[in-house]
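In what follows, a single structure is set out as structure tokens and then discussed.
Taken together, the values in this text are just the output of simple stated rules run on the coordinates, not laboratory data. As the structure is a prediction and not an experimental result, all values here were calculated from the model. Cβ: placed from backbone, ideal geometry, glycine included. Neighbour counts: every protein chain shown.
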């Protein structure tokens, strides 16, 4: 009986492998493997320029994937790959390490160290990607077991410059043996400008998000609780993201999902900018603020909308909504007409437009001078009007909002008003 079970297990694994191979030949990869290889080469070039002392030494980049986290024994949280690791590999499996090695005047070599699974682990969790599948996805030169990483690093680090991203364990081992350089800002400067393939994915994640919002709002008249809106929004996002470009075509790797915990806030709770409880009753006459995004192939959208749960605004609600909607429209026109854009200047324009509209609807007195008006308006909109958007909702956070934007940069335009009862 045991031999029969082992034989059956081998047949099942062979069938899985065959099905995976058959499927991957018919599904186009969202980002081509050559682009991942070029990104790694671009990183090495940037690091050589940023660390002049490295030009005479071997350069090694060590980058770790996200690890699985558990809420209780054997109960994992939903897994999302570290976007820095995914940017250079396209891989969504946990507990892997990327090593990029560049000798002087030599082409960089990329090695992936992955966790291997036993037959028992495969029974419970399924197989991991094969070496050939990984090579097809990201064009690395070599794939090894995770247990080989420290042995390879110990042979490499003598006299090398080690560049590491967010791996405190490795930093502790390497810092006494090699020069260790931080990595995040260098990657952010690469990720800041999106490639044509990334721009396509950004348009798609925004399309899915917008359609999901429209469908959710149309079905929320008379809804009684904030959490019901969360469920409807997630349903609409997943329905629209099912036809994905994922490679291999596994739902959890490609189908759209919410990219961050959504803010669903009715009535005065909408004045808490990151209100995440979403568990309170909604009364007739309330407006609801929803701030949510879609994650599609690792790229995120970020949308905020306000709507009346009854289907109709009251007169004060309509006045505020129209005032803010006008600011949004004017800002979009400002972007089209301005050649040299900086996000901080977009914020300045937002404050100017919003202040004017709030005086017109009578929220502010027209006796306020310009400085007073700016100060009061700034208190009503305590967040910036824009941030960069990409693989993370607050993307490339080390890139300044003061610098001119480049072609291919993606950013949000989201003016807001937070008017509490004390106002």
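A few notes on this one:
- Gained length - residue 117 relative to residue 224, 0.36 nm times residue gap less alpha-carbon distance: 33.9 nm
- Note that region 282-423 carries a Kirkwood radius of 16.7 Å, evaluated over its alpha carbons pair by pair.
- Modelled label positions at residue 50 and residue 418, each set 7 Å beyond Cα in the direction of Cβ, lie 3.2 nm from each other.
- Extension reserve of the residue 384-residue 277 stretch, reckoned as 0.36 nm per residue once the Cα distance is removed: 36.2 nm
- For the peptides 264-273, 386-395, the ranking by mean Cβ contacts within 10 Å, running from highest to lowest, is 386-395, 264-273.
- With the simple model of a label 7 Å out from the Cα in the direction of the Cβ, residue 131 to residue 199 spans 3.9 nm.
- Look at the Cα gyration tensor of region 314-385: its axes a ≥ b ≥ c give a/c of at least 1.5 with a/b at or below b/c, and that counts as oblate.
- Straightening the chain between residue 328 and residue 34 buys 102.0 nm, computed as 0.36 nm per residue apart minus the Cα-Cα spacing.
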